[in-house]
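Bear in mind that the values in this text are calculations on the coordinates, not laboratory data. Note that the structure is a prediction, hence the values are computed from the model and not measured. All Cβ positions, glycine included, derive from the backbone under ideal geometry; neighbour counts span all protein chains shown.
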Amino acid sequence: MKAMRKIKSRLIEFKFYCLRLLWRVKFTFFREKLPKNTDGKVYLNLGCGVNTSQEFINIDAFPFAKTHLVRNIQDLTIFPSNSVDMIYASHVIEHIPRNSLTKTLSEWCRVLKTGGVLRFGVPDLDKLIDYYNTHEKDVESIINQLLGQDADYDRHCTIWNSKFAEKILKEAGFSGIPRFWDVNTTEHHNFNDKSNRNISLNLEISK
């Protein structure tokens, strides 16, 4: 079983290696222009995967079809301080290593303008516990949402609820209070992603 998982992981790594090579060709010769919104606002979609928007600069470590920039989302040094109006990160933050989490969130805070918004979704531990208790305490019912998948890049490094979010965001330099946002009513959200799931903790906070 372990051997099969290792082979599967290697195949996935090779797939993304090939995709990176293809992206370099695309980026060099067929580069998509970064979006320029009519209101001048700058929005970043970090860890976008296939869930992209024409309003947002879509950034991911892997070269998906609509990815504008392929880079580690923990490093936003290509953006000046106080230059971004909104950062969106759907079910990405939990993949950031624990010892890098505060530093990464501080970096995201740095690029946001005063009053700019960090909007994100993560698996909600409190909701997962409720789900677990109402499903005969079956560990398998929540294991993927709690721990992530087998591949190295898809494992979860942190566990979240509202109390933890408030604490870690304050440590990272955000001065506001985290507030819930609704996928059905919030502005600048036309994504069909994991934040739409019932077990998602959807919060946003202003700088």
In the Gaussian network model of the chain, springs joining C-alpha atoms below 10 Å, which of T52, T38, T67 carries the largest mean-square fluctuation? T38
Rg and Dmax of the range 33-206 over Cα atoms: what are they, in angstrom? 15.9, 52
Using a Gaussian network model on the chain with a 10 Å cutoff between Cα atoms, which of L69, L128, L22 fluctuates the most? L22
Kindly flag which residue pairs out of K103/K163; K41/K113; K103/K127 have an alpha-carbon separation exceeding 21 Å in this structure. K103/K127
What length, rounded to one decimal in nm, is gained on full extension from L22 through to K36, with 0.36 nm per residue of separation minus their alpha-carbon distance? 2.5 nm
Per the rule of 0.36 nm per residue minus the C-alpha distance, extending E171 to R71 adds in nm 33.5 nm
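The chain: longest stretch without exposed chymotrypsin sites (Phe, Trp or Tyr not before Pro) (DSSP loop, at most 16 other Cβ within 10 Å), sites themselves excluded?
Within the chain, the longest run free of exposed chymotrypsin sites (Phe, Trp or Tyr not before Pro) spans 65-207.
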Would you list D130, D85 from fewest to most Cβ contacts within 10 Å? D130, D85
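If I take every Cα pair under 8 Å that is 6 or more residues apart in the chain, average their sequence separation and divide by the length, what percent do I get for the relative contact order? Could the numbers behind the result be given before it?
Numbers: 332 pairs, mean separation 41.0, N = 207.
Relative contact order, the chain: 20 percent.
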Top positive-direction residue, dipole computed over the chain with Cβ charges, set L101, L201, Q145: L101
With the chain treated as a Gaussian network of Cα nodes joined by springs under 10 Å, which of L46, L169, L76 yields the largest mean-square fluctuation? L76
Scan of the chain for GluC sites (Glu not before Pro) in DSSP loops with at most 16 other beta-carbon atoms within 10 Å gives a longest site-free stretch of 33-135
